[in-house]
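Structure record follows, encoded as structure tokens.
The values are calculated or read from the model by the stated rules, or taken from the named source; none is laboratory data. This one's a predicted model, so the numbers in the text were calculated from it and none came from an experiment. Here the Cβ positions follow ideal geometry from the backbone for every residue, glycine too, while neighbour counts run over all protein chains shown.
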Amino acid sequence: MDKLLVTGGAGFIGSDFVHYILENTDKSVTVLDKLTYAGSLASLKDLPADRFRFVQGDICDAELVTGLFAEHDAVVHYAAESHNDNSLSGPAPFVQTNLVGTFTLLEAARATGVRFHHISTDEVYGDLELDDPERFTEHTPYNPSSPYSSTKAGSDLLVRAWVRSFGVAATISNCSNNYGPRQHVEKFIPRQITNLIDGVRPRLYGDGRNVRDWIHADDHSSAVLRILERGRIGETYLIGADGEKSNRDVVEIILQAMGRPADDYDLVTDRPGHDLRYAIDWSKLRDELDWEPTYRDFGAGIAATVAWYQENEEWWRPQKAEAEAKYATVGQ
Ligand SMILES: NC(=O)c1ccc[n+]([C@@H]2O[C@H](COP(=O)([O-])OP(=O)(O)OC[C@H]3O[C@@H](n4cnc5c(N)ncnc54)[C@H](O)[C@@H]3O)[C@@H](O)[C@H]2O)c1
């Protein structure tokens with residue numbers, strides 16, 4: 001598998017995967033990305049020209065994607081509408097990209113026989129109680145809450161059906177919440193960091209007790225590469241790193257990393273359908289594919305992420321202005 005096609009590679013996690021592959025392997029990468037508001041060519045700067053190519057286009061364009069599939073050994077599918085809040089105010093692009101787009105790619109995989117890996121989220125499982133002893137496993141029933149998570153759940157089911165019905169050589173991974181450099185400022189951690197750089201106090205939904213299970217984007221990328229190379233066709237793998245933190249914990253860690261008092265934030269009214277807790281059991285990935293995360297110290301990972309946003313204002317300033325015009329600056 002020397003030639004990879006990466007959909008959505010100008011977004012947060014997709015671009016992390018592209019950097020990860022080009023830095024750690026000899027493979028070449030083509031990115032197919034529509035460059036929605038969430039995609040940025042600035043995330044793909046300074047990549048080796050002999051091993052990297054960018055194609056602007058829509059994953060719903062069947063002719064374009066089938067032609068690109070035929071030129072590659074494997075496809076890793078990150079492209080999606082990915083922001084829960086946007087899915088509440090306007091679900092249509094979520095249905096189009098996450099469902100119709102994934103369907104279009106699966107048809108291309110069927111026509112060309114190319115290996116396909118589908119990137120999904122733990123949000124397909126709904127949420128857990130705060131004191132629930134269980135974590136999500138590959139056997140947890142789907143129970144999505146929002147248009148975002150329901151369209152991701154639907155796309156996972158399409159992949160499973162195309163494996164069973166048509167013999168498409170596909171795998172699926174469902175990952176917990178990612179953090180790291182190059183994440184759009186509309187998302188929770190970069191929004192808090194960039195607000196604080198601008199002197200704006202963090203605001204949290206509800207009582208801030210909602211728990212997310214955090215993983216550094218580089219660990220997500222290394223896990224995806226492992227599944228691509230060693231995963232069993234038709235299987236689903238959960239990706240996590242034992243990073244459960246309440247939103248309150250996360251804000252306090254960011255405040256401390258930025259030299260501010262840990263209680264320097266406000267609580268605001270909750271949004272509808274806000275999931276309580278996500279937590280991933282990733283033992284299948286560890287036991288079957290011998291994978292381990294490398295970023296175990298969340299405080300250190302956050303400090304490095306804060307430093308990246310402090311040093312790369314030219315990357316996020318334009319999207320911050322755009323996002324501020326679009327949303328109230330509240331927590332996720
Ligand atoms: N961010 C997380 O914490 C997280 C966790 C688990 C899984 N995921 C999944 O990972 C994937 C990437 O998430 P992200 O946070 O990097 O998202 P993102 O919003 O940062 O990036 C999405 C990318 O897809 C592109 N895109 C959107 N519609 C497209 C279309 N129709 N055709 C081609 N390109 C299109 C955008 O331009 C953008 O570059 C998504 O599938 C998401 O569900 C994300």
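Yes or no: region 167-175 includes at least one residue that is within 21 Å of Thr236 (Cβ to Cβ), at pLDDT below 95 and within 18 Å of the chain's Cα centre (by Cα).
Initial filter on region 167-175 (within 21 Å of Thr236 (Cβ to Cβ)): 167-175.
Next, from what is left, pick out any that are at pLDDT below 95: none.
No: zero hits.
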*When Asp156 is evaluated against the numbered criteria (1) of a type in the set (D, E, K, R); (2) at pLDDT below 95; (3) within 11 Å of the ligand (Cβ to nearest atom), which criterion, by number, is the only one it fails?*
(2)
*Given the conditions (1) modelled with pLDDT of 95 or more; (2) among the polar types (S, T, N, Q); (3) under 20 Å from Tyr78 (Cα atoms), which single one is not true for Ser146?*
(1)
_Single condition Leu41 does not satisfy, out of (1) at negative phi; (2) within 13 Å of the ligand (Cβ to nearest atom); (3) crowded, with 20+ Cβ neighbours inside 10 Å_ = (3)
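β-branched (Val, Ile, Thr), within 12 Å of the ligand (Cβ to nearest atom) and touching a residue at least 40 places away in the same chain (Cβ under 8 Å): which single residue out of Ile13, Ile21 fits that description?
Details: Ile21 fails: within 12 Å of the ligand (Cβ to nearest atom).
None of the other options fit; the residue is Ile13.
So, in region 55-85, how many residues would count as being among the aromatic types (Phe, Trp, Tyr) and either under 15 Å from the mean Cα position of the chain (by Cα) or surrounded by fewer than 18 Cβ atoms within 10 Å (Cβ to Cβ) (or both)?
Step one: of region 55-85, the residues among the aromatic types (Phe, Trp, Tyr) are 69, 78.
Next, from what is left, pick out any that are either under 15 Å from the mean Cα position of the chain (by Cα) or surrounded by fewer than 18 Cβ atoms within 10 Å (Cβ to Cβ) (or both): 78.
So the answer is 1.
Tell me which residues, restricted to region 115-127, are more than 18 Å from Gly154 (Cβ to Cβ) and either modelled with pLDDT of 90 or more or within 9 Å of the ligand (Cβ to nearest atom) (or both). Steps first, answer last, please.
So the first thing to find is which residues in region 115-127 are more than 18 Å from Gly154 (Cβ to Cβ), and the list is 115, 127.
The answer is Arg115, and nothing else.
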*For region 25-35, enumerate the residues that are surrounded by fewer than 16 Cβ atoms within 10 Å (Cβ to Cβ) and within 20 Å of the chain's Cα centre (by Cα).*
Leu35
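In region 69-86, which residues are within 30 Å of Ser28 (Cβ to Cβ) and more than 9 Å from the ligand (Cβ to nearest atom)?
Kept after step one, since they are within 30 Å of Ser28 (Cβ to Cβ), are these residues of region 69-86: 69-82.
The answer is Phe69, Ala70, Glu71, His72, Asp73, Ala74, Val75, Val76.
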*Among the residues of region 87-105, which ones are more than 10 Å from the ligand (Cβ to nearest atom) and more than 22 Å from His220 (Cβ to Cβ)?*
Leu88, Ser89, Gly90, Pro91, Ala92, Val95, Leu99, Phe103
_Scan region 210-230 and tell me whether some residue there is out of contact with any Phe, Trp or Tyr (no Cβ under 8 Å at 6 or more places or on another chain) and at pLDDT below 95._
yes
*When residues of region 220-277 are filtered for being surrounded by 19 or more Cβ atoms within 10 Å (Cβ to Cβ), part of a loop (DSSP other than H, G, I, E, B) and of a type in the set (Ser, Thr, Tyr), how many remain?*
1
